[in-house]
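One structure below.
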């Protein structure tokens, strides 16, 4: 479970960079969040499917990244989103991403739903992430938040058997492929062999 570790001090990205590589933490507004245990197989399959879909899509002109990659959003916030897209090459350094990605995908684990829907959503909104997808593997749907005038409005909800067209560029995601499910409607439309 991702648990906040509340201490009397506020942690910075500078503190984070001094810790050993085997420590798995995120810092949101100076508060530490433990990132263990490892995600479930279904979670990782969904992460991989989003990554491959974005990375290999001919309409994606940008860098596609996957966890564990550090994304430094300010002096007190460093996160490792499951999947992200960065279109400004100036944000990509040898060690990490410096600044807000254009799109972030977080796949909810049993212990991360509150953090993903509250702390990370607030952080991504304040940092200027244009599009934020929260994926629910067990319930098989996606919430999408789009930044308009500096704020996320109400989420759009996409079920596993729908298509999600990104707002940042013309990529359409077939969610049945992401969730690895057979879409009966599309199967019926295919011609018989």
Scope region 148-183; condition assigned to a loop (DSSP other than H, G, I, E, B), touching a residue at least 60 places away in the same chain (Cβ under 8 Å) and under 28 Å from residue 122 (Cβ atoms); matching residues: 166, 168, 169, 171, 179
Residue under evaluation residue 145, criteria (1) farther than 30 Å from residue 41 by Cβ; (2) in a strand (DSSP E or B), criterion not met: (1)
Number of the exception - residue 94 against (1) free of Cβ contacts under 8 Å to residues at least 12 places away in the same chain; (2) under 23 Å from residue 41 (Cα atoms); (3) not in a helix (DSSP H, G or I): (2)
Select from region 12-42 the residues that are in contact with a helix residue (DSSP H, G or I) (Cβ under 8 Å, 6 or more places away or on another chain) and within 15 Å of residue 109 (Cβ to Cβ) and list them in ascending order. 33, 39
Criterion: modelled with pLDDT of 95 or more, under 23 Å from residue 176 (Cα atoms) and in contact with a strand residue (DSSP E or B) (Cβ under 6 Å, 6 or more places away or on another chain) - qualifying residue of 124, 145: 145
So which of 131, 172 is within 19 Å of residue 64 (Cα to Cα), crowded, with 19+ Cβ neighbours inside 10 Å and touching a strand residue (DSSP E or B) at 6+ places or on another chain (Cβ under 8 Å)? 131
Some residue of region 103-126 being assigned to a loop (DSSP other than H, G, I, E, B), touching a residue at least 24 places away in the same chain (Cβ under 8 Å), over 26 Å from residue 40 (Cα atoms) and in contact with a helix residue (DSSP H, G or I) (Cβ under 8 Å, 6 or more places away or on another chain): no
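The values are calculated or read from the model by the stated rules, or taken from the named source; none is laboratory data. Everything numeric here is computed off the predicted structure, so don't read it as measured data. Neighbour counts are summed over all protein chains in view; Cβ atoms, including those assigned to glycine, are modelled from backbone coordinates with ideal geometry.
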